[in-house]
Amino acid sequence: MASSSKMKRAVEDEDHEEQFERFDDFTLASSWERFISEIEAVCRQWLADGAKHLLEKGAVCVGSSKSLYTVKFELKYAAKSYFMEYYFETNNDGKVADWSCSLHDLQLSFGVKEFLVIAPQSASGVVLDAPEASKLLSAVAIALSNCSSLWPAFVPVHDPSRKAYTGIQNMGTVFTRRFEADRIGSQVFSPLDFSMHLFKVHFRMKLTYRTIPYDDDDELQGADVEITESSENPGGDIRNKTQWDDDCPWSEWYSSEDPVKGFDLITIWSEKLIESSLEMAELENASAHEAEKWFILPNLSSKNIDGSVGNTIGFGSQLDLLVTALELSFGAQFMEDFVSVENSGSDNLKSSAVIPPPTVLDRVLKDLFHDGLQLLHFTEGEHKNSRAIKGAPLESLFSQFCLHSLWFGNCNIRAIAVLWIEFVREVRWCWEESQPLPRMPTNGVIDLSTCLVNQKLHMLAICIEKKRQLSKNHQDGDENKDRVSTRVEEGGQVKGSSSATIEHGSDIVGERERSSVSDSLHHPETSISRFHSEAEDVVTSAELRPSDRISRGSAGVEGMMLLKSYQNMHVPITQDPPLMTEDMHEERLRAVETFGDSISFSAQLEREILSSDMSAFKAANPDAVFEDFIRWHSPRDWEDDNFGESGEVSTKEATEGSKKDWPPRGRLSERMSEHGNKWRNIWNDVPALPASEQKPLLDPNREGEKVLHYLETLRPHQLLEQMVCTAFRASADTLNQTSFGGLKQMTTKMGQLYPTMASTLKPLQANRVFILSEIIEDLRRLCVVFEHVEKLLTVAASLHRKFLQVPRLSEVIFSDYYNFYQPKMGSGSVRGSGDMEFDKRHQVRRQEREAVANMFTQPTANQSWRKVLSMGNLLNGHEPVLREIIFAVRDRMRGSYYGAFQKEIDTYRMYICGTSNDLRVALSVASCD
């Protein structure tokens with residue numbers, strides 16, 4: 001190098017002058033020499049620091065690499081500013097990993113491990129003037145030579161899109177290595193066969209295949225032609241479905257963009273020694289199945305990479321709008337106030353709160369009240385921790401109303417008010433017309449762990465059913481009377497007691513043929529219970545005298561005998577206990593606090609139940625006494641002398657007995673035998689009436705109207721509080737039904753979501769006073785957490801569906817994605833941190849290759865236009881989207897006084913990357929100067 005020799009002579013002259021003059025005259029140095037001196041000083045400092053100290057001084061990690069770091073220094077020369085960057089790796093094994101996704105572009109192109117890049121501070125960041133680029137490289141080369149450094153140096157040149165570089169590396173006093181990289185527009189073919197018998201070429205190849213995007217427009221056009229079930233052909237033509245999530249649980253409410261756009265399949269051929277062009281031609285047509293290694297890399301949507309929220313439509317985004325509606329609900333007394341424009345609040349609300357057209361409203365009401373008439377199982381799909389949230393079951397009427405509200409009018413407060421008013425009108429219509437309330441059970445006990453609106457709707461559904469039964473019984477009674485009168489007119493007078501005899505006969509036969517429900521026995525101090533038993537055959541005996549009175553309302557006989565008449569005891573048909581909602585229980589507790597004595601007041605409240613049971617028992621057992629009722633209703637209050645050691649009555653003595661042992665020896669308990677006992681007083685006062693003739697314990701008309709009054713006068717904030725709790729629970733339960741295989745991280749995340757929701761929603765569930773601003777802020781953070789979990793779930797579901805035959809791949813891919821995305825979730829921040837791309841690739845095992853290859857289906861005719869000049873190496877009709885080949889000729893270099901290259905190195909190295917019409921070539925040559 002002429003420039004290098006000239007510079008060395010100049011330095012020797014300066015040393016000679018220094019011996020005589022004893023001073024340094026820097027004023028005679030040129031700006032270029034000062035520029036070299038500055039580069040040399042910086043490089044010496046970097047060399048002295050080493051990788052460890054550079055990391056301590058703030059070296060920055062490059063991209064997604066965990067081992068490549070860079071430091072930067074600003075330089076000025078000829079009124080221009082430059083950046084000089086030093087790239088180094090923390091692992092000091094001296095080798096560059098082949099085809100690593102974390103490699104820098106220059107490492108991949110030239111096989112270098114550490115290097116310098118000097119570039120101007122400009123918008124393009126490249127040197128457009130060739131002499132300037134040569135001068136920069138010369139300056140760096142001289143400086144590195146002075147430092148005895150073997151670092152290669154590069155300068156970016158030409159247009160930035162070409163990714164062109166020129167570079168140089170000092171390899172001692174004899175050899176220099178030069179680098180060139182550029183992009184050419186199309187592949188150049190030559191008919192000549194260059195002979196290779198004089199040297200051997202080391203060959204390595206990497207081919208990247210890419211699946212056609214699953215939301216490809218061309219594929220959607222052919223969706224009607226062929227629809228392939230993912231369970232039958234996993235990883236195959238899933239694209240042929242109109243929407244990828246058509247059978248996902250959330251598809252009823254919204255359609256989610258497929259987070260997995262496709263996959264990159266990377267096939268790698270390890271190094272081979274090529275000695276002829278024929279071998280090269282064979283490799284060009286080699287099958288991807290012949291590659292030594294396969295790696296797969298998912299192409300995820302950018303929305304699932306950046307960690308930000310609010311840019312997708314889903315449950316999380318709509319729940320955030322519902323929280324806004326909750327915040328606004330405190331500004332009115334009634335829901336009707338939001339419907340009127342004049343009373344709807346701020347101008348912002350008037351302009352943004354749009355009410356959907358009547359057709360949309362009718363469609364929602366039809367889905368709630370007409371399409372949902374079937375009674376579904378509430379527990380299906382619920383998470384085990386779902387009941388910790390005081391909402392409504394997923395398939396219940398109020399739960400479905402809340403889910404519809406999330407999407408109705410984009411969940412603004414005016415639209416919710418309109419929907420609620422129409423909802424209550426439909427509920428009243430069901431009540432007035434005695435039509436079953438859809439999506440609500442008509443029996444059972446009211447679940448106090450649910451929200452109050454759900455309890456009220458359950459109460460109303462029971463009232464409607466009882467109202468229907470009373471109406472039906474009334475009609476049946478009229479028909480029976482008509483039928484009896486007709487028989488009397490036709491056949492004369494009926495023997496016995498006409499209608500009473502007929503009723504008795506029908507009761508006995510009917511109840512003997514059906515089984516009755518058995519309730520557990522409870523102590524009367526805590527609650528009054530009714531005891532039902534299965535109908536048994538009546539024990540008949542010639543010695544038993546028939547009763548002159550008729551048993552009415554019997555459900556069958558009990559395994560006991562009446563004390564006075566020696567008759568079989570009949571189990572009466574009793575009324576169900578009156579149901580109570582949460583607010584009714586609270587009223588009862590307040591009354592208990594007012595009266596002071598909770599036990600006596602409880603007995604007073606349950607007097608009607610006890611009176612009803614006694615009346616039914618008397619009607620079923622006309623010859624019974626008070627002691628018989630106690631023996632059946634409250635066995636603990638009957639002290640029987642026939643108890644054995646086990647505390648049980650002998651069945652033989654109880655059922656068969658004998659007249660000489662009759663009546664059985666026993667007595668009432670002390671509390672039941674005391675003077676003025678309330679139970680005995682009630683027994684003496686109540687008439688003998690079967691349950692069908694008694695006044696109902698639950699007045700369906702009164703309780704039904706009370707429920708409707710509650711729904712029609714419910715305060716907006718009370719409604720919205722219950723809607724928020726129910727909507728969070730229903731949304732989570734809907735997502736919980738998603739099938740995502742054995743992805744443990746997703747299962748854990750869903751399990752953590754429910755306690756988080758329960759904790760945040762607790763102030764709303766408990767109906768206690770809270771600070772509005774604080775709870776709204778907590779709810780918004782919860783919405784962010786929910787949306788993050790929702791994102792993870794869509795990725796898990798998409799991966800699971802695409803890898804049904806190879807679940808290991810879906811597990812390892814999701815595990816890496818979860819670890820990548822987890823730090824972005826934070827603690828509920830509005831926007832995630834970091835902008836790194838997810839480029840983790842996973843090796844495909846031999847037995848998994850066929851399933852992965854099936855993901856690359858044959859391109860359709862509509863996709864043929866994409867195909868350009870074929871490069872070979874087709875995989876199911878797909879050509880590589882990226883081909884990377886490394887040619888290297890190696891030789892053993894000697895003659896360097898540094899001694900670092902006394903081994904075989906790449907004297908010639910060519911890296912080819914791209915496609916047939918977009919190739920990038922990088923060349924490095926070591927030569928003797």
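The values are calculated or read from the model by the stated rules, or taken from the named source; none is laboratory data. Source: prediction; values computed, not measured. Positions of Cβ are generated from backbone atoms using ideal geometry, with glycine treated the same way; all protein chains shown enter the neighbour counts. Surface accessibility is based on the protein's heavy atoms, side chains included, excluding ligands, DNA and RNA. Shrake-Rupley method; radii C 1.70, N 1.55, O 1.52, S 1.80 Å.
The candidates H202, H370, arranged from most to least accessible area with a 1.4 Å probe in the full protein assembly, appear as H370, H202.
Ligands, DNA and RNA excluded, the heavy atoms of T594 present near 110 Å² of accessible surface to a 1.4 Å solvent probe. Per residue, region 101-149 exposes an accessible area of 35 Å² to a 1.4 Å probe, with every protein chain left in place.
Note on exposure: W679, W407 ranked by accessible area (1.4 Å probe, complete protein assembly) read W407, W679, with the most exposed listed first. With both labels modelled 7 Å from their Cα along Cα-to-Cβ, the F83 to A48 distance reads 2.6 nm. Across region 249-343, Cα pairs under 8 Å and at least six residues apart give a relative contact order of 33 percent. Using R0 = 35 Å, the C-beta based FRET efficiency linking S669 and R702 works out to 0.40. Rolled with a 1.4 Å probe across the full set of protein chains, the surface gives V174 an accessible area near 40 Å². For chymotrypsin sites (Phe, Trp or Tyr not before Pro), the sites in region 291-331 that DSSP calls loop and that have at most 12 other Cβ atoms within 10 Å are F330.
D816 exposes around 40 Å² of accessible area when a 1.4 Å probe is run over every protein chain in place. Charged neighbours of V806, selected by a Cβ distance under 10 Å, balance to +1 (K, R count +1; D, E count -1). Averaging Cα coordinates gives a centre for region 716-761 and one for region 103-145; these two points are 55 Å apart. Surface listing: K366, K390, K695 arranged by accessible area from highest to lowest gives K695, K366, K390, probe 1.4 Å.
Length gained on full extension, R425 to Q333, computed as 0.36 nm times the residue gap minus the Cα-Cα distance: 31.2 nm. Projecting label points 7 angstrom from Cα along Cα→Cβ for W253 and E279 puts them 6.2 nm apart. About its Cα centre, the dipole of region 83-173 is roughly 120 debye, where the only charges are +1 on Lys and Arg Cβ and -1 on Asp and Glu Cβ. Cross-link check: pairs K384/K466; K113/K206; K206/K791 evaluated at a Cα-Cα cut-off of 25 Å; pairs beyond the cut-off: K384/K466; K206/K791. So which GluC sites (Glu not before Pro) in region 398-437 are both in a DSSP loop and have at most 15 other Cβ atoms within 10 Å of their Cβ? In loop regions of region 398-437 (DSSP not H, G, I, E or B), the sparsely surrounded GluC sites (Glu not before Pro) are E433.
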